[in-house]
Amino acid sequence: MKIESNGKFIIYNGNVYENNEDVYLKDGQKVYEVIRVIDGVVLFLDEHIERLKKSCNLIGKEIGIEERTIIDNIDKLIMENKMYNMNIKIILNYHDGGFESVFYFIDSFYPDKGYYEEGVKAITINAIRDNPQSKKINDNFKRNVKIKIKKEDAFEALLVNDEGHITEGSRSNIFFIKGDIVFTAPNEDVLMGITREKILEVCDDINVEVQERLLRKEELVSLEGVFMSGTSVGVLPIGIIDGKSYDSSNNEVVMKIKDGYDSKVEIYINSRK
């Protein structure tokens, strides 16, 4: 696997390499984490490190790198590249010959104001992850979903399992609004995103009821709002799913949750500058 970074330097096994040097990861079991850097501050770093450890455990491995080394490698990557507002990808690879790690900046898309004001388009596809709770690299899954999204000119795909239940997005967690209640899939059925975790905290803070259950695809017609969550997008309203329109951007519950999450991010960043 070739590393494709948009920074000038990457950190491979703790050493700095120029991006023009070809760095390949060996065949093996790879887990990854994507973290966002805002104004030089790594957003929710402790939570990302804990999820990285969990991903390793779910494939039967102990994390092969010290927590202090993870932090040092991130700091080194930011300083070497002088990039302070971009996403970093961490890959840990367990192969027959041992272990390797790589830290590098990746192309990052942050939706502008218009996306949040209008909502984005989504489609549903019949697909499930091999291990939804582990951030394990699966190039075939990613490639196939990307093709379908591009074909439909959509922003995201909602995954529907064999029983007809919507679990999560291909690169996000999904939240549904009906009345004053928020519905989202149970923990065991999804990748437990860091943004998702913070959104659940916000809902608790503002006394919004959350029910964790799987919704069937046919229940989409009865919803009043839908939004996706993720490292780059935060809380992003979904305006269309399979051709049906939702006024998610103006939904009062969605707006309260978005404001609460944005405030949580701002407080975190300001406290660590």
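Return the pairs, sorted by first residue and then second, in which the second residue is basic (Lys, Arg), the first residue lies in segment 2-19 and is crowded, with 17+ Cβ neighbours inside 10 Å, the beta carbons are less than 8 Å apart, and the residues are 6+ apart or on different chains. Once the first residue is crowded, with 17+ Cβ neighbours inside 10 Å and sits in segment 2-19, its partners that are basic (Lys, Arg) give Ile11/Lys76; Asn19/Lys8. Assessment of segment 109-126 against the conditions (under 20 Å from Ser55 (Cα atoms) and either surrounded by fewer than 18 Cβ atoms within 10 Å (Cβ to Cβ) or assigned by TED's automatic domain parsing to the domain that holds Ile240 (or both)) yields no matching residue. Filtering segment 45-94 to residues that are aliphatic (A, V, I, L, M) and surrounded by fewer than 16 Cβ atoms within 10 Å (Cβ to Cβ) leaves Leu58, Ile59, Ile71, Met79. Of all residues in segment 95-108, those satisfying the criterion of being in a strand (DSSP E or B) and surrounded by 13 or more Cβ atoms within 10 Å (Cβ to Cβ) are His95, Phe99, Glu100, Ser101, Val102, Phe103, Tyr104, Phe105, Ile106. Listed by first and then second residue, the pairs linking a residue in segment 209-228 that is closer than 14 Å to Asn173 by Cα and among the aromatic types (Phe, Trp, Tyr) to a residue that is in a strand (DSSP E or B) and modelled with pLDDT under 95, with Cβ atoms under 9 Å apart and 6 or more places separating them unless they lie on different chains, form an empty list.
What's the total number of residues in segment 48-57 that are over 17 Å from Asn13 (Cβ atoms) and touching a Lys or Arg at 6+ places or on another chain (Cβ under 8 Å)?
Looking only at that region, the number is 2.
For residues in segment 46-78 being touching a Ser or Thr at 6+ places or on another chain (Cβ under 7 Å) and either part of a helix (DSSP H, G or I) or of a type in the set (Phe, Trp, Tyr) (or both), which is modelled with the lowest pLDDT? The extreme case among them is Leu58.
Filtered by the rule that a residue be among the β-branched types (Val, Ile, Thr) and either surrounded by 18 or more Cβ atoms within 10 Å (Cβ to Cβ) or on the phi > 0 side of the Ramachandran plot (or both), segment 145-159 gives Val145, Ile149. Only one of (1) in contact with a strand residue (DSSP E or B) (Cβ under 8 Å, 6 or more places away or on another chain); (2) among the β-branched types (Val, Ile, Thr); (3) under 24 Å from Val233 (Cα atoms) is not met by Ile10, so which one is it? Single failed check for Ile10: (3). Of all residues in segment 33-61, those satisfying the criterion of being farther than 19 Å from Phe99 by Cβ and in contact with a Phe, Trp or Tyr (Cβ under 9 Å, 6 or more places away or on another chain) are Ile35, Arg36, Val37, Ile38, Asp39, Gly40, Val41, Leu43, Phe44.
Does Val254 satisfy the condition of being buried (at least 20 other Cβ atoms within 10 Å of the Cβ) and not in a helix (DSSP H, G or I)? Against the criterion (buried (at least 20 other Cβ atoms within 10 Å of the Cβ) and not in a helix (DSSP H, G or I)), Val254 does not qualify. Checking each residue in segment 229-251 for being of a type in the set (S, T, N, Q), outside any strand (DSSP E or B) and in contact (Cβ under 8 Å) with a residue 40 or more places away in the chain picks out Thr231, Ser232, Ser248, Ser249, Asn251.
The values are calculated or read from the model by the stated rules, or taken from the named source; none is laboratory data. Note that the coordinates shown come from a computational prediction; the quantities given were computed from them, not determined experimentally. Please note: Cβ atoms are built from the backbone with ideal geometry, for glycine as well, and neighbour counts cover all protein chains shown.
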